[in-house]
Amino acid sequence: MYDIDDIKRARKKLGMTQFELAKRANVSQSLIAKIEAKRLDPTYTKVKQIFRVLEDLETKGQVAASQIMNTKVISIDAGAEIRDAISLMKKHQISQLPVMENSHITGLVSEGLILDALMEQKARTVREIMADAPPAVPKNASLDMVSSLLRHCPMVVVTEQGKVAGVITKSDLIGKAYKG
């Protein structure tokens, strides 16, 4: 949600004139001008109309998680041996795998975790070395949301009606950015 003082900034960011915003929000151009100049304290209803238009226009051009996710989810069972995870990663040229138990993602195994386990020579199964499950987002989640999560996690799971629909990695996001 916006603060009234953000109307001008949001309008300019969208490249709109006061007249265009007024027309879409079904208010007068002079009302927009007076609000932006802080010469008028608008009614709640008018502000709500303006904000609705601005929000709709801001989200309209955003890329959704469903547009960049990999629908072919390569995963491994928690009870599988570490060598099976290594084979899958090599075969598919990936650096992490979601860990599944009973059709649900319960963890994540990465090259780093495998390397640590091999150095310690203690763990044998994926369950013993897996990290917490990656965060999940709905298919309509924004690129901004996914990008923020990927700053802290190597993978984001995309869900639809509670089921895994795909995954997004940092590599997928970078590939999308340079694909144009």
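Each reported figure results from applying straightforward, stated rules to the coordinates on display, with no laboratory input. Quantities reported herein were computed from a predicted structural model and do not represent experimental measurements. Positions of Cβ are backbone-derived with ideal geometry, glycine not excepted, and every protein chain shown enters the neighbour counts.
Details
- Kirkwood-type radius of region 75-171, with distances r between different C-alpha atoms, in Å: 13.8 Å
- Cα-only Debye scattering, region 62-126: base-10 log of I(q)/I(0) at q = 0.16, 0.18, 0.28 Å⁻¹: -0.56, -0.67, -1.27
- Neighbour net charge for Lys122 - beta-carbon separation under 14 angstrom, K R +1, D E -1: -2
- Longest segment of the chain lacking trypsin sites (Lys or Arg not before Pro) that sit in a DSSP loop with at most 11 other Cβ atoms within 10 Å: 73-121
- In this calculation the C-beta distance from Lys38 to Gln67 is compared with R0 = 35 Å, giving a FRET efficiency of 0.35.
- Dimensionless Rg ratio for the chain, taking C-alpha atoms and the 2.2 N^0.38 Å reference: 1.47
- Positive contributions from Lys and Arg (+1) and negative ones from Asp and Glu (-1), summed over other residues with Cβ under 11 Å from the Cβ of Ile32, come out at +4.
- Using only Cα coordinates, the Kirkwood hydrodynamic radius of region 4-60 works out to 11.0 Å.
- Summed side-chain charge close to Gly79 - residues other than Gly79 whose Cβ falls under 11 Å, Lys, Arg +1, Asp, Glu -1: -3
- Linear extension gain, Lys176 paired with Gln93, 0.36 nm per residue minus alpha-carbon span: 28.1 nm
- Over region 117-180: Rg over Rh, Cα atoms, Kirkwood Rh: 1.09
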